[in-house]
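The values are calculated or read from the model by the stated rules, or taken from the named source; none is laboratory data. All values derive from a computational prediction rather than experimental measurement. Note that each Cβ is placed from the backbone with ideal geometry, even for glycine, and that neighbours are counted across all protein chains shown. Side chains are part of the model used for accessible areas, which takes the heavy atoms of the whole protein and leaves out ligands, DNA and RNA. Shrake-Rupley method; radii C 1.70, N 1.55, O 1.52, S 1.80 Å.
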Amino acid sequence: MHEDFGTILNRGFKTWVRNLNICIPYVLNFFANLLLYVFFFAILGFMFFSSASGNVIDLTTLSSEELYSLLVDGFRANIPASIALILGFSLLGMFLQAFFTAGAIGMAKKASETGDTVISDMVRFGSKNAVRFFLANLLVTLVLLAGIVFVVPGALTIGDLSEVIENPTATVQGMGTLVLGILVWVIYILVINISLSLTPYALVIDELDPLDAIKKGYNFFNENKLDVFFIWIIVVGLAFINGLVSELLGSESTLVSGLTYFVPILILQPLTTVLWTRLYLTMEGRKIYNPYELLSDPDYF
């Protein structure tokens, strides 16, 4: 079933309103990662301070200078362990995100096809696609990091960055090349981000391998450039508006600050997941439900 862009937005919004439980994977991901990083900083802090002082000490008795000195000494004494810990927890966080995001996409797929979804869909799609989703994320991350080659010429031209740090106002040869390289890298990241926007959806919906999902996501973008770009603009625009409201009003109201912090988790991420899913399904010619067929009153929403 093919739908025009306006219909995708309209019916996608109705699908989201009918299935507000699609926010649950993102809420669970938030708290799971929060708990994960509490453990991470607790282990890191214990390792740093105990190794620097030789035993566990009461941090409340230390001045800020002594605390900073202990932290630096602890890091220097545990560089290999610190790197391994950071890498391990980062990968674990990515895997948790892969599980819950794959579950959310699966819920959006079920809701778009049948009109309703339940939490068991999250578990089913998450467990089935988590590993492949995780590997696809790693591959895309490596592709993004490959853009660092644009920065290398400028960095080599500048040489020692200590002069720039000590005297930021000084004229440094090659600074323009470095800034240009960073700008090109940012543009490169944006292009990759847009062109591979549908990769996670292809992976979960069609149950593809990571490489096939990346190819499918890129091919989908090539065939539907305007639709993908417009939804990407909507996603970025909603996030920008939320950030702007938080910046302007959050400092004056704790309530507004709290609301804008949770809006992406409770509203923006679930809504945009449904929109991306519906776009993919309709452009691929899949059978999707019409909310008006399930409602006796089309003006119910």
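Side notes on the structure shown:
- Scanning segment 104-121 for residues that are open to solvent by 10 Å² or more (accessible area, probe 1.4 Å), touching a residue at least 60 places away in the same chain (Cβ under 8 Å) and of a type outside the set (Val, Ile, Thr) yields Lys109, Glu113, Asp116.
- Of the residues making up segment 182-221, those that are in contact (Cβ under 8 Å) with a residue 60 or more places away in the chain and open to solvent by 70 Å² or more (accessible area, probe 1.4 Å) number 3.
- When Thr101 is tested against the conditions (1) at pLDDT below 95; (2) surrounded by 13 or more Cβ atoms within 10 Å (Cβ to Cβ), the lone failure is (1).
- Test set (1) crowded, with 18+ Cβ neighbours inside 10 Å; (2) modelled with pLDDT of 90 or more; (3) within 23 Å of Phe150 (Cβ to Cβ) - Leu178 fails condition number: (2)
- Single residue of segment 261-291 satisfying the filter (surrounded by 15 or more Cβ atoms within 10 Å (Cβ to Cβ) and among the basic types (Lys, Arg)) that is modelled with the highest pLDDT: Arg278
- Exactly one residue out of Gly237, Gly258 is at pLDDT 85 or above, under 23 Å from Cys23 (Cα atoms), open to solvent by less than 40 Å² (accessible area, probe 1.4 Å) and part of a helix (DSSP H, G or I), and it is Gly237.
- Pick from segment 242-255, criterion among the aliphatic types (A, V, I, L, M) and either open to solvent by less than 100 Å² (accessible area, probe 1.4 Å) or in a loop (DSSP other than H, G, I, E, B) (or both), ranking: farthest from Cys23 (Cα to Cα): Leu249
- Set side by side, the residues Phe30, Phe49 differ, and just one is under 21 Å from the mean Cα position of the chain (by Cα) and either surrounded by 17 or more Cβ atoms within 10 Å (Cβ to Cβ) or modelled with pLDDT of 65 or more (or both), which is Phe30.
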